[in-house]
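Here the structure is laid out as structure tokens; the discussion comes afterwards.
The values are calculated or read from the model by the stated rules, or taken from the named source; none is laboratory data. What you see is a predicted model, and the numbers here were worked out from it, not measured in a lab. Heads up, the Cβs are rebuilt from the backbone with ideal geometry, glycines too, and the neighbour counts pull from every protein chain shown. Calculation scope for accessible area: heavy atoms of the full protein, side chains included, ligands and nucleic acids excluded. Shrake-Rupley method; radii C 1.70, N 1.55, O 1.52, S 1.80 Å.
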Amino acid sequence: MPGWRRHRLFLQLHSYVRSRLFCSKGMASSSTSRIFAVEPNRYSPNPFYFQSYDDGSRAASMTPNDWPMLAQGELAFSVSLTNAGRVKAARLHKSLGLQLSHQLRGSEILRLVSYCPKDLHGSLQKGFFILLPHGCPDGQTRLCDVLMEYRHDVRLCSYSTEERNIWEDIWELNGEAKKTTRSQVLRVEDPMSSPFVDSIKGSAVFYSLEDACDVLEECSLVIPEARKVLDSVERPGVLDRGHFPIIVIEGLDATGKSTLTESLKSRLNASLLKSPPDSISQWRTIFDSESSLIKRAYYAIGNYIGAAEIAKVSKTSPVIVDRFWHSTAAYAIATEVGGGIHNLPDPHHDVYHWPQDLLQPDLVILLTVCDEERIRRIRKRGLEETKEEKELEDNSMFRQKVEEVYKRMENPRCVIIDASPSMETVLQEALSAIKKHCDI
């Protein structure tokens, strides 16, 4: 193992152990050290935050009306993954989410994170907040049955109303499920920065090759293809790019990217490259089926591998790239942030900044069309939709978030072109933008 990787691994282990000791000590002395956050949902347009308190007097003012998810007397549960490393926790989270969705049909299963405010990144635990449907007497039993398989890696709590207060019960899962500790619950004011946003860096969007490689390195024993992807990476060193311009075309499916990239290739006598690059694209379906962390790390590394090829080609011709880092980040950020556009990180937030160690293009063009026209094109052409594109078709809010993230990207920003007119009109607009921004 190279010295730089051993040193980084030591620092990560030291930080992890320190944060676990900090939170364990805090949890032992007072349950106030950990805050729970539930993603935006039909009860709350913003993340919902709460804590439990052993001292009942501090939560005396809390009533069911203060907690909209229990306003109608429902029984709720939180499930947090507690004892796993980053990759293991991500895979467990995906597996558990699938099982819960299958076994608890009709329940509302929301994403949840819990954390210690003084050490968010070191203490962050992901999980689920579950609302069982009315008239489901065996829902609690089925939930506990699912969690028995994960009993060493999860913390189960239930929430209910009693005497106009909200109570949290911690459950022990050891052969049988039983309640152990009871505390009152108090709603917490929204923090200045959302933990859902703060957790994006390094879990959904990667801002360095090293961090993305660390993820695939960790999972290479269980995913052999991860090693093959890593073997395709050229590192370290600064890429020696040519003097020809590099132009990226971005946009949702059926916005005309393929038509425009082919037209620009012909008109500019350019080379056309795609992301992920051909050298690793044969493993795309494998990583698409993995957890978000592993999937995003694969696409991030694909950008760096593609960048090496782009740099070489730019020495002999202009380069047109069909999607690059902007699309990798836009889909990830829109997926990780629940609710509507207002829950996205504020404009100029550093999640929108291009990675410092990734080759920057000279121009990024974002093609847009209205939602109705885009869906009409998909159905007319019989295009095979990815899971995310299916989500775009079914969920207008998600589509709006993806496009808004594209528009907030910085260094470089996107030049937006309406792709609704004729192909020739769109081509001429693209050529005008290239002439304005590139030395060609």
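Quick notes
- Neighbours of Leu104, meaning other residues whose beta-carbon lies under 11 angstrom from its beta-carbon, give a summed charge of -1 when Lys and Arg score +1 and Asp and Glu score -1.
- The range 154-301, relative contact order [Cα under 8 Å, separation at least 6], %: 22 percent
- Nearest-10 value in Å² for the accessible area of Arg227, using the 1.4 Å probe: 90 Å²
- Ligands, DNA and RNA excluded, the heavy atoms of Lys407 present near 80 Å² of accessible surface to a 1.4 Å solvent probe.
- Antiparallel DSSP beta bridges within the range 85-208, percent to nearest 5: 95 percent
- In order along the range 425-435, the Karplus-derived 3J(HN,Hα) couplings, from 6.51 cos²θ - 1.76 cosθ + 1.60 at θ = phi - 60°, round to 5, 5, 4, 5, 5, 5, 4, 5, 5, 5, 4 Hz, and Gly and Pro are given as x.
- At the residue level, Arg413 shows approximately 130 square angstrom of accessible surface with a 1.4 angstrom probe and all protein chains present.
- Checked against a 32 Å cut-off, the cross-linked pairs Lys295/Lys436; Lys201/Lys312; Lys274/Lys435 give Cα-Cα distances beyond that limit for Lys295/Lys436.
- The range 80-164: C-alpha gyration tensor shape, a/c 1.5 cut-off, then a/b vs b/c: oblate
- Heavy-atom SASA rank of Ser78, Ser160 (probe 1.4 Å, accessible area, largest first): Ser160, Ser78
- Value of Rg to Rh for the range 274-346, rounded to two decimals, is 1.06; Kirkwood radius and Rg both from alpha-carbon coordinates.
- Of the solvent-accessible surface of the range 279-377, computed with a 1.4 Å probe over protein heavy atoms with every protein chain present, carbon and sulfur atoms account for 52 percent.
- Separation of alpha-carbon centers, the range 176-233 and the range 265-320, rounded to whole Å: 24 Å
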